[in-house]
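Inspection log for the structure reproduced underneath, given as structure tokens.
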Amino acid sequence: MTKFSVKELIPASLRKLVPDKIKRTIKDKLIVKTPLEKDVALFILEGKRFTPPLSDFPPMVMIDTTTRCNLTCEHCPNSALSEVKDFLGDMEDDLVYKILDEIAREAPDTLTRLFNGGEPLMRKDLKDHIQYAREKGIKAVSINTNGTMLVKSRRQGIIEAGLTHIEVSVDAFTPETYLKIRKSTLFDRVVQNTLDFIQESKAHNPENQVTVSMVLQTDNRHEHEQFLAFWEPKVDHVYIREYHQHNANVDDHGLFKNHGNPRRHPCPFLWDRIIVNHDGMVRFCEFDWMGEHALGDAKENTLKEIWQGEAFTRLRESHVEGTFCHEFCKNCTDWRQINWNGMK
């Protein structure tokens, strides 16, 4: 891989004005190994816009097998949207298998995530979907779960079916904080379920990946370091995410509202993933929970056709140009967190 030095990333006219200490910091942070990383670094330093490379098929497919959930977390739109007509539902098996067949045929390396807006373990046939995907040759199958239903029988089912990645959203270090955020008294159960899953999953296949995560917000920021200290020695990854506003125009924390920033980068979602709602509507953004800006229908078209289609292409072009003129994108308050250097 080609490495690019700081000399290539900072114009000569500016290098003289940049103190050595800052140069060293930039070098430590922005030494890059690929052309895309170089483009991102130049954008950060100079605001030079770039066109990310586009794969023939989405690198990640998120399949919303269910929007049902057993919790009502304060930071999740599902809690409010569950009262909206037609929001709750399960994807029909025929559509699940149609999507999995296409992934296996077109790009078996695609990260296939059998969840999006709900709790995937609400479906008792989750293990069947995982097993089908793996038997078809899909290499990476993942779920996100709140962990409350990750009991022994369910753990064994999904592990033996071939699940390769799991993320458990814990969001707290103490039962008191967990109660505030997740409106549940099941903190101890979630922790124990997760610890048991780690042991059982690794015994089945040491390559299986386990992640725990925390969404930072007012009620849990003080537990951030304790959370890391407890989980980092036990799992493969710990994700600490900032609170997302899910395309609200006003940020409760006042952190991210900036619709006209010339340094706003193209959104990685448009090159990285595709989301299929439980009703088959295909959307480009995780935050479009109702699918009001869907770009296609998986019941009528293939994911590849939608991914390479005119609507997706125009949308990507507007991000490359920096216009962000799409009705949904122009009001986004979360773009600072969805970045090319630390996407999760």
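The values are calculated or read from the model by the stated rules, or taken from the named source; none is laboratory data. No experiment lies behind these values; they were computed from the predicted model shown. Here the Cβ positions follow ideal geometry from the backbone for every residue, glycine too, while neighbour counts run over all protein chains shown. Protein only, heavy atoms only, side chains kept; ligands, DNA and RNA dropped before computing areas. Shrake-Rupley method; radii C 1.70, N 1.55, O 1.52, S 1.80 Å.
If you wrap the Cα atoms of segment 107-233 in a convex hull and average its projected area over all directions, you get 7.9 nm².
Expected output is a single nm value to one decimal: the length gained when fully extending between residue 97 and residue 36, i.e. 0.36 nm times separation in residues minus the C-alpha distance. What is it?
Working: separation 61, 0.36 × 61 = 21.96 nm, distance 3.38 nm.
Stretched out fully, the residue 97 to residue 36 stretch lengthens by 18.6 nm.
Measuring against 23 Å, Cα to Cα, the residue pairs 127/183; 136/304; 180/202; 48/330; 38/330; 48/304 contain 127/183; 180/202; 38/330; 48/304 as the ones spanning a longer distance. Principal axis extents of the Cα atoms in segment 71-117, from largest to smallest and rounded to whole angstrom, are 38, 21, 13. Distance between the modelled labels on residue 228 and residue 310, one decimal in nanometres: 4.9 nm (7 Å Cα→Cβ projection). Here segment 117-195 is treated with +1 on each Lys and Arg Cβ and -1 on each Asp and Glu Cβ, and its dipole about the Cα centre works out to around 140 debye. Over all distinct Cα-Cα pairs of segment 302-344, the Kirkwood formula returns a hydrodynamic radius of 11.8 Å.
Within the accessible area of segment 288-344, what % is carbon and sulfur when the probe is 1.4 Å and the other protein chains stay in place?
Its accessible area is 44 percent carbon and sulfur atoms.
In this rough spin-label picture, where each label sits 7 Å from Cα along the Cβ direction, the residue 328-residue 179 distance is 3.8 nm.
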